[in-house]
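Have a look at the structure below, then the notes.
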Amino acid sequence: MKKVAVAFALVLTSLALVACGSSSSSSSSESTSPETTSESGAAAGGEEGAGQEAEGGSAGSASALDIETASSGLAYSSKSATAKAGMVTVDFTNSQAIPHDVAIEDSGGEVVGQTELTSEGSESTEVELKPGTYTYFCTVPGHREAGMEGTLTVK
Ligand SMILES: [Cu+2]
């Protein structure tokens, strides 16, 4: 009986290893359109964020915007993102050892929201966004210039 359980556990472990290996290799490709469609996944994650944000008051209508770093290099995983107008929770995940953040700048060049710096971790901030085109970027000197920015479309 015990042997069967051990064998089963081994099968699960090897499956998990295969899954990890295949997902990490695809993240370096810089295609914009598949990332845009991942908004539905972002919305699912956002419900957790909204729960944590309970003390903020008007929770419920806030939507989420997930931004991640690329696996390496001074870049985010996507050059574009979309969000719904209104209160938006920006969830930033930095998988790199280098500190990064996310700032959101409106079309007039004014920063309307910014996360804390983080390395190998996550930070989030809430920002109120009107429909329009914004730029998100890293405020660490040199990073934005190196390509750590993207276009945020708010509808
Ligand atoms: Cu950076």
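Between Ser119 and Ser72, the modelled labels are 1.7 nm apart [label points 7 Å from Cα along Cα→Cβ]. Cβ crowding within 10 Å ranks His143, His100 as His143, His100, fewest other Cβ atoms first. Between Thr153 and Val140, the modelled label-to-label distance comes to 2.9 nm, taking each label 7 Å out from Cα in the direction of the beta carbon. Give the distance, in whole Å, between the Cα centre of region 113-155 and the Cα centre of region 94-109. Cα centroid to Cα centroid, the span is 4 Å. As a rough guide to protection, the peptides 123-132, 74-83 ranked by mean Cβ packing within 10 Å, highest first, stand as 74-83, 123-132.
All of the numbers you see were taken from the coordinates with simple rules; none came from a lab. As the structure is a prediction and not an experimental result, all values here were calculated from the model. No Cβ is skipped: glycine too gets one built from the backbone with ideal geometry, and neighbour counts run over all protein chains shown.
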